[in-house]
Structure formats: structure tokens, C-alpha cells
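Undergrad: Mind looking over this structure? Questions follow.
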Amino acid sequence: MEMSKDFLWGGATAANQYEGGYAEGGRGLSINDVEKGARHGVQREIHDSIHPDAYYPSHVATDFYHHYKEDIALFAEMGFKCFRLSISWSRIFPNGDEETPNEEGLKFYDNVFDELAKYGIEPLVTINHYEMPLGLVKNYGAWRNRKLIDFFLRYCEAIFTRYKGKVRYWLTHNEINALMLAARPWHQAGIIYGEDEDKNQVMLNAAHNQLVASAKAVELGHRIDPANKIGCMLLYPLCYPATCRPNDQIMAMKKMNQTYYFGDVHCRGYYSNVCTAMWKELGAKPDIQPGDEEALKAGTVDFLAFSYYFSSIEGEVTDQVMGNIAVGGKNPYLEATAWGWQIDPVGLRTSLNYLYDRYQKPLFIVENGMGAIDTVEEDGSINDDYRIDYLAKHIRAMMDAVELDDVPVMGYTPWGCIDLVSAGTGEMRKRYGLIYVDKDDDGNGTLNRSRKKSFGWYKNVIATNGACLK
Ligand code: BGP
């Protein structure tokens, strides 16, 4: 197999980290708008409302809201075929439970999609990327509550109908498995577990409600426009056994099952043995209502999208390292980024093979990249050779999976193609972009955009359909 001429090269962002304009155009507050940024080792903090003295990085983020024309022109200059963005749910339904959508919010994305169309760039839209209207948390308890399924579908119906013909590629929930991988119940599902709550029970119900919502959204999206291609999105935390001790294999397998729990339902349409075994282990079972099983079966996804940043090991592990969602074992054969995420390009080839073998669905790499501190030289240049090296190795590994292993991959959209706020820490100094944005951790800066060295490099990768890396 060769890299297809239609391969969707591009870049990825999310509204909660990029869009800003948090109080404009009739938008309501979302869960990110009350989450402070971390500072140099200090954890992020979640408030129940906006505190006048606190700094919340999502409010302006890197201001796509006011810079979308300029940014899209830069993406077009790089030759993007595809741009992944998310819709801010609270821009469309400010509190989440309104009967009708906010016209000004819908109009904003009309403008964005029209601008992308000018350059022939396909939008890839995440419907729910680590955000929801804060009203749904306060008044309904977020995804704990089954009512969220209906609110989500009302939101889906509004955007599927409005953007029919403008958007063909959709993702339902970003990194749904982050809920089980533990560190982000707030980001992923708007949940902070109560002291007296059975956490496993709440987590499985919040997962189930989202899985049913996703399946029904797939069915609805196909009904509204049969041309829609609707995928799921998993974080793929590849895990190796630490040694050839057979029990290490079992431990690595169990770690991966926290991801397959979600992939199996999204792609196969039912709770597999991996899922039922998980219920036994957790001592809880989701509240499955009549009709849910049929809905899951009818709404399997068209493709599987995933993020890939790092790998880890399980079993006889000596040291732990960070990943974006959970800690894992340190692999002595791998280097790590400044944030401790282990760099493993070969693991991307392995991941593509595992996922295709298991699900037989086209794959889409919708996030990959390295967070790093960039230095602006006196002449304004930013020589991010480390980023070029990281991306080049991962793209080559992806091409091996396509060309040598015959795995169908639809596209590649590296994360944070333009600098944006980090989800994990809320920092700006942890940058992923090929385009630099002048802004610091305290919110100071002109928001001016400039091209990093990686900008010209990626442009050439796209122009040659990856051949320049061979
Ligand atoms: C993924 C999220 C993204 C993005 C990325 C990088 O888990 O889907 O939203 O933030 O990780 O993580 P971070 O921003 O913490 O470096």
C-alpha cells in the first residue's frame, strides 16, 4: 500500500484550549472557564464560579475566536488538507438545557467552516472535547445523569443540521477512555467524585451514558446526512510488559483493557468480555436501560481516531514516569520529553497494527506531538529541531504501518499545530505548535503569530506526501 493522494495531512486543536472569546457571542460558561492554570509545579484548581483575582487560561486561550482568518491562512500556507477543531458546546447551548441553539454561536462556526472551504481544507470536528456547559454540571451532575444523553443529542442535531454539507468528518467524545485512566474525570466528564460516592459506579455510568450518547449521535448523524463519517476518539497509551515474565504480560494487557473497554463498545457495538471482566474487577456495573444495547449495536463508528504521545511499561517496574493521563513504568530504552512523556515512534507503528487488527476500521491519528519550551531568538526565529525530529520519526513510523503493514490510515493531524494552552497543566510554555503565539503563563503577550522552523519543514512533508522523509 502507498500513502494515498487523499491522505488528510493537517493539524489538531480544541476550543477549550485555543478558541477563547469565552464571554462573547452569547456563549455560556464551560467547565474549563472555572479552572485555573497551574504555575511551575502547582496543580490546577477548579472553582465553582469565576473568582475575580484568578487567572483562567481558557478565557482568551490563543484567541482563535478573533484570529481564525489569519490562522486558517497559515494552515493553508502549510498545505493542510484537514483541520481538527472542536465546537464549544456552551457557545451553541449556553447552559446546556435550552430548547433552541444560540444563533450567534452557530454563526461563528459557519464563518470558520466557510473560511476553511475557501482553501479546500476539510474540517474534522470533535463534538465534545474536554468541555461541557457548566450549567450541566451544576444542575444535572454532568455525565452521571442520563439526561445528558438527550442534551448531547439536541446539541448534535443542531450542529449536524446546520453544518450539513460543510462538515463531513466528526468525532463524538475526545479521549473517552481518559475517564477510566483516572486523572481527568473533570475534563472528560465534568465530574468530581463525592466523598460518599461509589466512584467505580459513577465512572461506569458516566462512561455508559457517553457511549450510548455517542452511538445515538452516529445514527442521527447518518440519518441527517448519509455522507457523514463519524468516528470515536481514544487516547492510546501503548503499554509493554516490563519483562518476559508471563505475569507482566497480564498486567500490560489489563492496562490496555482500560482503553479497549471503550473501543470495543464504540467499534463492535457491545460490552465485550473485556468489559464484563472489568465490571467484576471494579465491583460495579453500568446502569443499562431497555433499548441501550440496541442503540449501541446500531451506532458503531465509521472510523477510529486516536491520540498517541508516549508508551509505558507494566509489571516488574522500577521507576514511574508521567504520561498525559496516568503514570506508567519507565522504559530504559526510551528518552522522554521535558514533561517526562516517553518518546516512542516505533510504538506508533505497533499501535496502528494492534488497533487495526482488533477493530478492522480505518484509523485516523488525530493527535501526536511533543510539548516543549521554545526559545525566540533575537531575530525572531524559533529553531525547534527537537519537534521536527519527534514528528519526523512518528510520521515515518506511521508510513511504515501504511506501506509495509497495509494498515489503512486516513490522516495525521499533529496536536496543537498552533500554540495553545496545555490541557494537563494550563501552561502556555508547554508548546506543541508549528506556529508560535506570543503569550506567556500569566496571560501576557501580543498574541502575534509567527512561523517556527517546523512550519516550513511540515509544509514540505505535506507537499511531498511524506516522501521527503524516506
Ligand atoms: C490530549 C488532549 C489534548 C491535549 C493533549 C496534550 O490528552 O486530548 O486536549 O491537551 O493531550 O496534553 P497537554 O496539553 O496536557 O500537554
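Undergrad: Given the criteria β-branched (Val, Ile, Thr) and either closer than 29 Å to residue 421 by Cα or within 13 Å of the ligand (Cβ to nearest atom) (or both), does residue 346 qualify?
TA: When the stated conditions are applied, residue 346 passes them.
Undergrad: Would you mind stating whether residue 363 is of a type in the set (A, V, I, L, M), touching a helix residue (DSSP H, G or I) at 6+ places or on another chain (Cβ under 7 Å) and away from the ligand (no atom under 16 Å from the Cβ)?
TA: yes
Undergrad: Would you confirm whether any residue within the range 157-180 is within 16 Å of the ligand (Cβ to nearest atom), of a type in the set (Gly, Ala, Ser) and under 22 Å from the mean Cα position of the chain (by Cα)?
TA: yes
Undergrad: Let me ask something else about it. Just give me the residues in the range 426-440 being within 22 Å of residue 457 (Cα to Cα), out of contact with any Asp or Glu (no Cβ under 7 Å at 6 or more places or on another chain) and charged (D, E, K, R), in sequence order.
TA: Matches in the range 426-440: 430, 438.
Undergrad: Tell me yes or no: at least one residue of the range 168-175 is under 26 Å from residue 238 (Cβ atoms), touching a His at 6+ places or on another chain (Cβ under 8 Å) and in a loop (DSSP other than H, G, I, E, B).
TA: Checking the range 168-175: at least one residue is under 26 Å from residue 238 (Cβ atoms), touching a His at 6+ places or on another chain (Cβ under 8 Å) and in a loop (DSSP other than H, G, I, E, B).
Undergrad: Pull out all pairs, ordered by first then second residue, where Cβ-Cβ is under 6 Å, the residues are six or more apart or on different chains, the first lies in the range 415-438 and is farther than 13 Å from residue 370 by Cβ and near the ligand (Cβ under 9 Å from one of its atoms), and the second is at pLDDT below 95 and of a type in the set (Asp, Glu).
TA: What qualifies is 427/441.
Undergrad: Limited to the range 299-330, what total is found for residues that are among the polar types (S, T, N, Q), farther than 16 Å from residue 259 by Cα and at pLDDT 95 or above?
TA: So the count comes out to 1.
Undergrad: Let me ask another. Please pick out the residue among 285, 297, 255 that is under 25 Å from the mean Cα position of the chain (by Cα), crowded, with 16+ Cβ neighbours inside 10 Å and not hydroxyl-bearing (Ser, Thr, Tyr).
TA: 255
Undergrad: If I filter the range 176-205 down to residues being aliphatic (A, V, I, L, M) and assigned to a helix (DSSP H, G or I), which single residue comes out as farthest from residue 288 (Cα to Cα)?
TA: In this case the residue turns out to be 178.
Undergrad: Somewhere in the range 372-386, is a residue of a type outside the set (Gly, Ala, Ser) and within 19 Å of the chain's Cα centre (by Cα)?
TA: no
Undergrad: Moving on. Quick one: which of 385, 400, 419, 441 is surrounded by fewer than 21 Cβ atoms within 10 Å (Cβ to Cβ), closer than 27 Å to residue 188 by Cβ and charged (D, E, K, R)?
TA: One residue alone meets the criteria, 441.
Undergrad: Sticking with this one: Can you list the helices (runs of 4 or more DSSP H) lying wholly within the range 1-97 that have 3 or more residues being within 15 Å of the ligand (Cβ to nearest atom) and crowded, with 17+ Cβ neighbours inside 10 Å?
TA: Of the helices (runs of 4 or more DSSP H) lying wholly inside the range 1-97, those with at least 3 residues that are within 15 Å of the ligand (Cβ to nearest atom) and crowded, with 17+ Cβ neighbours inside 10 Å span 15-18.
Undergrad: Can you name the condition, by its number, that residue 370 falls short on among (1) in contact with a strand residue (DSSP E or B) (Cβ under 6 Å, 6 or more places away or on another chain); (2) within 16 Å of the ligand (Cβ to nearest atom); (3) of a type outside the set (Gly, Ala, Ser)?
TA: Result: residue 370 fails condition (1) only.
Undergrad: Any residue at all in the range 88-104 that's of a type in the set (A, V, I, L, M), over 24 Å from residue 443 (Cβ atoms) and free of Cβ contacts under 8 Å to residues at least 60 places away in the same chain?
TA: No.
The values are calculated or read from the model by the stated rules, or taken from the named source; none is laboratory data. On a predicted model such as this, the values are computed, not experimentally measured, just so you know. Please note: Cβ atoms are built from the backbone with ideal geometry, for glycine as well, and neighbour counts cover all protein chains shown.
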